[in-house]
Structures are given as C-alpha cells and as structure tokens.
Amino acid sequence: MVKIKNPQILTQLNARQQLRQLGVLEKKATAIGTYSAVRRQSPIAPDQPEPQILDHTTQQAKLFPQIANGIFFRIAADVVWHMYQNVMKELEAGNRRSLPELHALSCCLKAVCSADAERGVEILRKSCGGHGYLSSSNLPQIYGLVTAACTYEGENTVLLLQTARFLVKQYAEGLKRKVLPHSVTYLRNAARPKWDKVVELKTLVRLLELAATERIRQTFEYLRKQRKIVKSEQVAANKAGIRLTQAATLHGRAFLARIAFEEVEKFCMELKPSLAAVLKQLVELFVLEFCLTSLSDILLAFQLNARQVDEMRTRYERLLADIRPNAVVVVDGFDFNDRVLGSTLGCYDGRVYERLMEEARKSTLNQEVVNKTFETHLKPLMQGKL
C-alpha cells in the first residue's frame, strides 16, 4: 500500500473506530438501563399494582432512543469504513477527489455522535435513579469514556468547523451547477416532500435534509455579507462560528438519518418479517428523535402546521408503545456478557437487588455489624449530659 503523508487519513480511520466504540458504549449503557424491566415503582392505574418502570412512557422515551442510537451509530461506522476503503484505493491510483468529502464526513460524525452519546448515556444514568450513580452500576465509568470522546482525536467544535468549511464550499459549487459529492447531493435537491395522512419515513428524512440545506444556505449568505464588511476571510469565519457549527451538526443528523433509512431497507430484504418490523420501528424512532429535536430548523425550511407537528409527536409516542414488548429482547441481542458489562444492574439473571447487597457488603464500612466508631465516639456522645 502507498503511504500517504496526510493527517486526514489518520483522522478518518480514528473517526470510524470511535463511531464503533461509541455505538458499543451506548449499547452497554442501554443494556444496563433496561434494569427498568426489573424494578417496579409508581402505579399507573390506581387499581393496579406497581408496574415495571419500563412501562412508563417517560422511561421509554429515555431508553428506547438510546437503543436506536447504539444500533445506527454502528451502522454509520460501517458505512464510513466502506468509504474509507474506497478512498484508499483511489489514493493509490493518484485520485484525491473523494478525500475532502470523507474527511468532512468523518469529522462531522465523530462530533455529532460523541455529543449525542454523551447526552444519551447521561440520560440512561439518570433513568436508573440513585442506583445509576453507584460505581457498581458501571454507568459512571461508561459516561467518563463517552465524555472523553468529545475531546480526544479532535475537539468537537474544531471538527464541526472543518466540516462546515467543506459544506459552504460545496454549496457554492452547487450554485455553479457543478457535480457534488454523494453525501451533499441533497443541497441541489429542490423536491419538497408530500405530507400524506400517514407520516412516511422518507418524508422525515427529507425534512432533515431540507433543514440542513436551509441552515447551510443562511450560513453561506451570512459569511458572504461578513466578508464584505470585515474584508477578512478569517474574521468573517470567526463571526460565523456558531452558525457554522450548527450547520455541520444538522448535516450530520441528515446524513445519519439517510444512511439509517437506506441501510435498513437493504437489511429488511433479507430478514424475517417479524425482525424487519422491529428494525423499522427503531429506525423510525431514530429519525423522529432527530426531527423533533431539530424542529425549529425544520420549520425554517418547510412549513408545517400544528396538526402535522402533533402527528409527528403522536407517532413518536406510538412507536414507544410498539417497541416496548421487544425492548428487552433487542438489548439481549447485543449479547453482552456480565463480565463485559461489569454492572450490578445489567446482570443476566435480573437479581439486581441481591447483587447490590452483595456489592454493599464488600465495603469496608460494612465489615462489622456495628461499626466500632459507634462505641468509641457516638455512644459516649449520646449518653453524655450536655
């Protein structure tokens, strides 16, 4: 293989490895978080016994999107790896055309996925209540690893700015009617989705692409205006820094949604109908989560009325109920051994409270029935005449 003296190559390889690792860490956290199926608390109906916490819609909204993230971050990593292999073959042949696209995409996905994984693991940690803060839950350790990914191999803001420069350049190329790289061809797609009675997944993906296009367009126009005012490329870019990072983030989400949608369509051709149905529910939840969190950007690009927004929210809530019967099985399918999870909460046999007690007994403070400090300090104080 020809040695390429270009730091971008290492960045892309590391980004792919980080995407895979982020997917694994988030899946580990969801495997631990599904102890919600063991714990019972807070009756939903007054005449019914306490349900599994996982039956609460609010708990499902914390857990299920993270299950989807873990799956589709891994799929995105595989897509980037395939792109990386193709680019390396092109480089060996002296063709550097696809290198900027791969570099921009690697930077963007590393930043977006690490930020979402950090937020997701923290949500899962809180979803476990006080038990999530125990060292024996292993969630604090997982959170520490995910948080570190936001800064190592490139701080996220710096990486997003690199992606944004690529996006602004490609938007300008699109205005000149030049051929665009595959990951940004949506910038020249003027097609508006048709909103049917049933919200289709391809419509939701297209909404994210329209939102990214509009954000990139606005940033491009703002940069052009600032260049005329300050007469400096660098100063103009600094003034537009916030807008640039937001544009890159939206691009990353649009790309992740598109990849998830297209890859699941391929997978479902070879899967049993029952398994394909679950995967389709997860990918729709994944895309809907992006749409609802990016709603303000979508509304700037596509006119949605109150009824249509409510349809999206209703569909999201219905998906949570649809995924609920298979949630534990899906997480079991991640096939994490207890030794790998290293958690008292995510154990295979569901004996959470017994394991918590066993872990508590290991503490040096619990080696005696009554700690000796009671006799030497507390008891004399309690019996003394003050």
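Please enumerate the residues belonging to the stretch 338-349 that are modelled with pLDDT of 85 or more, out of contact with any helix residue (DSSP H, G or I) (no Cβ under 6 Å at 6 or more places or on another chain) and not aliphatic (A, V, I, L, M). Of everything in the stretch 338-349, those that are modelled with pLDDT of 85 or more, out of contact with any helix residue (DSSP H, G or I) (no Cβ under 6 Å at 6 or more places or on another chain) and not aliphatic (A, V, I, L, M) turn out to be 338, 339, 342.
Reported count of residues in the stretch 241-291, each being surrounded by fewer than 16 Cβ atoms within 10 Å (Cβ to Cβ) and in a helix (DSSP H, G or I), is 10. Among the residues of this structure, residue 207 counts as one that is among the hydrophobic types (A, V, I, L, M, F, W, C), in contact with a Pro (Cβ under 7 Å, 6 or more places away or on another chain), touching a residue at least 24 places away in the same chain (Cβ under 8 Å) and crowded, with 18+ Cβ neighbours inside 10 Å.
Among the conditions (1) among the polar types (S, T, N, Q); (2) closer than 18 Å to residue 36 by Cα; (3) within 19 Å of the chain's Cα centre (by Cα), the only one that residue 294 does not satisfy is (2).
Restricted to the stretch 350-372, and to residues that are modelled with pLDDT under 85 and farther than 30 Å from residue 37 by Cα, which residue is surrounded by the fewest Cβ atoms within 10 Å (Cβ to Cβ)? Applying the filter and picking the extreme gives 369. Scan the stretch 63-86 and tell me whether some residue there is more than 30 Å from residue 102 (Cα to Cα), touching a residue at least 24 places away in the same chain (Cβ under 8 Å) and either over 20 Å from the mean Cα position of the chain (by Cα) or surrounded by fewer than 24 Cβ atoms within 10 Å (Cβ to Cβ) (or both). Checked against the condition, which is being more than 30 Å from residue 102 (Cα to Cα), touching a residue at least 24 places away in the same chain (Cβ under 8 Å) and either over 20 Å from the mean Cα position of the chain (by Cα) or surrounded by fewer than 24 Cβ atoms within 10 Å (Cβ to Cβ) (or both), the stretch 63-86 yields no hits at all.
For residue 55, the criteria (1) touching a strand residue (DSSP E or B) at 6+ places or on another chain (Cβ under 8 Å); (2) among the acidic types (Asp, Glu); (3) within 25 Å of residue 279 (Cβ to Cβ) hold in every case but one, which is (1). Restricting attention to the stretch 230-240, the residues being closer than 28 Å to residue 107 by Cβ and either surrounded by fewer than 15 Cβ atoms within 10 Å (Cβ to Cβ) or under 17 Å from the mean Cα position of the chain (by Cα) (or both) number 6. All of 136, 106, 114 fail the test of being small (Gly, Ala, Ser), in a helix (DSSP H, G or I) and farther than 30 Å from residue 54 by Cα, apart from 106.
Residues in the stretch 209-246 that are more than 23 Å from residue 158 (Cβ to Cβ) and in contact with a helix residue (DSSP H, G or I) (Cβ under 6 Å, 6 or more places away or on another chain): 209, 210, 211, 213, 214. Within the option set 254, 190, 260, being touching a Leu at 6+ places or on another chain (Cβ under 6 Å) and not aromatic (Phe, Trp, Tyr) holds for one residue only, 254. If you filter the stretch 19-78 down to residues that are part of a helix (DSSP H, G or I) and basic (Lys, Arg), you find that the one that is modelled with the highest pLDDT is 62.
One residue alone among 187, 207 is part of a helix (DSSP H, G or I), touching a Gly at 6+ places or on another chain (Cβ under 7 Å) and among the hydrophobic types (A, V, I, L, M, F, W, C), and that residue is 187. Taking the criterion of being without any contact (Cβ under 8 Å) to a residue 60 or more places away in the chain and either polar (S, T, N, Q) or assigned to a loop (DSSP other than H, G, I, E, B) (or both), the residues of the stretch 167-184 that qualify are 170, 176, 177, 178, 179, 180. Checked against the criterion of being under 25 Å from the mean Cα position of the chain (by Cα), assigned by TED's automatic domain parsing to the domain that holds residue 22 and of a type in the set (Gly, Ala, Ser), the stretch 160-181 has at least one qualifying residue.
The values are calculated or read from the model by the stated rules, or taken from the named source; none is laboratory data. Remember, it's a predicted structure, so these values are computed and weren't measured experimentally. So basically every Cβ, Gly included, is an ideal-geometry build from the backbone, and we count neighbours across all protein chains shown.
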